[in-house]
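Visitor: Dumping the structure here so I can ask a few things about it.
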Amino acid sequence: MTDDTETAAGGAPSAEMALADLEKARLENARLDTDAFGERTPPPPDLTAAAFFDVDNTLIQGSSLVHFARGLAARDYFTYLDIAKFIYAQAKFQLTGKENSEDVAEGRRKALSFIEGRPTSELVELGEEIYDEILADKIWPGTRELAQMHLDAGQQVWLVTATPYELAATIASRLGLTGALGTVAESVDGVFTGRLVGDILHGPGKAHAVRALAIREGLNLRRCTAYSDSYNDVPMLSLVGTAVAINPDGDLREYARKRGWEIRDFRTARKAARIGVPSALALGAAGGALAALASRRNDRR
């Protein structure tokens with residue numbers, strides 16, 4: 001396994017701040033680490049393996065930020081012209097399956113102008129409402145099943161996305177995942193400044209974030225799995241032992257075939273009916289189950 005893509009400038013600061021923001025959220029929301037009786041939940045049995053999922057077109061149909069914008073438009077946060085631009089971007093994304101740098105930049109400008117001067121709690125509340133209204137119905141069932149399989153094997157499951165951290169964390173929480181790494185917007189005293197911390201968590205920046213998370217969590221990247229639809233995420237996919245292309249764009253499909261990566265496409269009923277467990281992932285899950293069983297046996301002695 002090799003990582004044949006260098007980390008881009010701006011990726012490291014963004015990734016480090018994403019991790020820092022995640023740690024802050026954990027401290028502020030201790031309920032994520034406790035059960036219903038206030039006791040700390042036990043660590044997962046398979047402590048060195050994890051799965052990393054891209055969000056847009058991998059876990060969610062289309063762009064999560066565009067869906068979020070639809071929810072905001074319904075609340076009169078945007079003009080009709082803005083709505084038309086968002087719809088155009090979503091249609092192009094769904095037809096081509098590719099991210100466009102101009103669309104990404106425009107989306108960033110709109111997002112930052114929207115949140116500037118607003119409390120961070122407002123974005124969290126809106127994200128929760130819009131998830132329930134729109135995003136919940138946009139989850140690819142096949143990808144959700146793969147994520148659940150990792151959870152059932154006692155592995156951590158993380159979202160790694162350019163989507164704003166607050167929205168990514170809401171999606172992860174609603175799906176019962178371990179957590180999320182996303183783009184971090186700067187805030188002072190609980191109010192957004194309209195600036196990013198670092199850059200969008202995108203491309204090589206995702207690989208850096210995953211590597212940093214693996215060090216912090218004690219993960220063995222060779223035992224980890226990554227999922228994405230985009231060729232832009234090759235750095236992250238190349239970092240782990242098992243890479244799976246989900247609903248891949250043309251470039252990623254070709255690259256995955258050359259590398260021997262598994263390809264899963266849930267975009268048609270015919271293909272979705274053939275959902276299977278990636279072979280390497282099945283072995284990893286079995287290994288985790290055996291490790292958990294051995295651990296429980298040792299505890300009884």
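The values are calculated or read from the model by the stated rules, or taken from the named source; none is laboratory data. Every value quoted in this text rests on a predicted model; they were computed, and no experiment measured them. FYI the Cβ positions are ideal-geometry reconstructions off the backbone, even for glycines, and counts take in every protein chain you see.
Visitor: Hey, any hits in the range 230-250 for a residue that's surrounded by fewer than 22 Cβ atoms within 10 Å (Cβ to Cβ), at pLDDT below 95, more than 28 Å from residue 166 (Cβ to Cβ) and not polar (S, T, N, Q)?
Guide: yes
Visitor: Does the range 141-157 hold any residues that are in contact with a strand residue (DSSP E or B) (Cβ under 7 Å, 6 or more places away or on another chain), hydrophobic (A, V, I, L, M, F, W, C) and not in a helix (DSSP H, G or I), and which are they?
Guide: 157, the sole residue that qualifies.
Visitor: While we're here: Given (1) at pLDDT below 75; (2) among the aromatic types (Phe, Trp, Tyr); (3) out of contact with any Gly (no Cβ under 7 Å at 6 or more places or on another chain), identify the lone condition not met by residue 93.
Guide: Looking at each condition in turn, residue 93 falls short on (3).
Visitor: In addition: Looking at the range 196-219 only, could you name the residues that are assigned to a loop (DSSP other than H, G, I, E, B), out of contact with any strand residue (DSSP E or B) (no Cβ under 7 Å at 6 or more places or on another chain) and at pLDDT 95 or above? Lay out the reasoning, then the answer.
Guide: Within the range 196-219, the first condition is being assigned to a loop (DSSP other than H, G, I, E, B), and the residues that meet it are 197-203, 218-219.
Those left that are additionally out of contact with any strand residue (DSSP E or B) (no Cβ under 7 Å at 6 or more places or on another chain): 198-199, 203, 218.
Matches in the range 196-219: 218 only.
Visitor: In the range 251-264, which residues are surrounded by 18 or more Cβ atoms within 10 Å (Cβ to Cβ) and acidic (Asp, Glu)?
Guide: Result: 262, single match.
Visitor: Okay, next question. Within the range 127-155, track down each residue that is closer than 20 Å to residue 56 by Cα, surrounded by 20 or more Cβ atoms within 10 Å (Cβ to Cβ) and not small (Gly, Ala, Ser).
Guide: Result: 130, 131, 135, 140, 143, 146, 150.
Visitor: For the range 49-64, which positions are touching a Lys or Arg at 6+ places or on another chain (Cβ under 8 Å) and on the phi > 0 side of the Ramachandran plot?
Guide: Within the range 49-64, 62 is the sole residue that qualifies.
Visitor: Another question, then. Take the range 158-194 and flag every residue that is without any contact (Cβ under 8 Å) to a residue 24 or more places away in the chain, part of a strand (DSSP E or B) and of a type outside the set (D, E, K, R).
Guide: Matches in the range 158-194: 188 only.
Visitor: Go through the residues of the range 267-276 one by one and say whether even a single one is of a type in the set (A, V, I, L, M, F, W, C), surrounded by fewer than 21 Cβ atoms within 10 Å (Cβ to Cβ), modelled with pLDDT under 95 and out of contact with any Pro (no Cβ under 9 Å at 6 or more places or on another chain).
Guide: Scanning the range 267-276, I find at least one residue that is of a type in the set (A, V, I, L, M, F, W, C), surrounded by fewer than 21 Cβ atoms within 10 Å (Cβ to Cβ), modelled with pLDDT under 95 and out of contact with any Pro (no Cβ under 9 Å at 6 or more places or on another chain), so the answer is yes.
Visitor: As an exercise: evaluate residue 184 against (1) within 13 Å of residue 54 (Cα to Cα); (2) in contact with a helix residue (DSSP H, G or I) (Cβ under 6 Å, 6 or more places away or on another chain) and give the number of the one condition it does not meet.
Guide: Only one criterion in (1) within 13 Å of residue 54 (Cα to Cα); (2) in contact with a helix residue (DSSP H, G or I) (Cβ under 6 Å, 6 or more places away or on another chain) is unmet by residue 184, namely (1).
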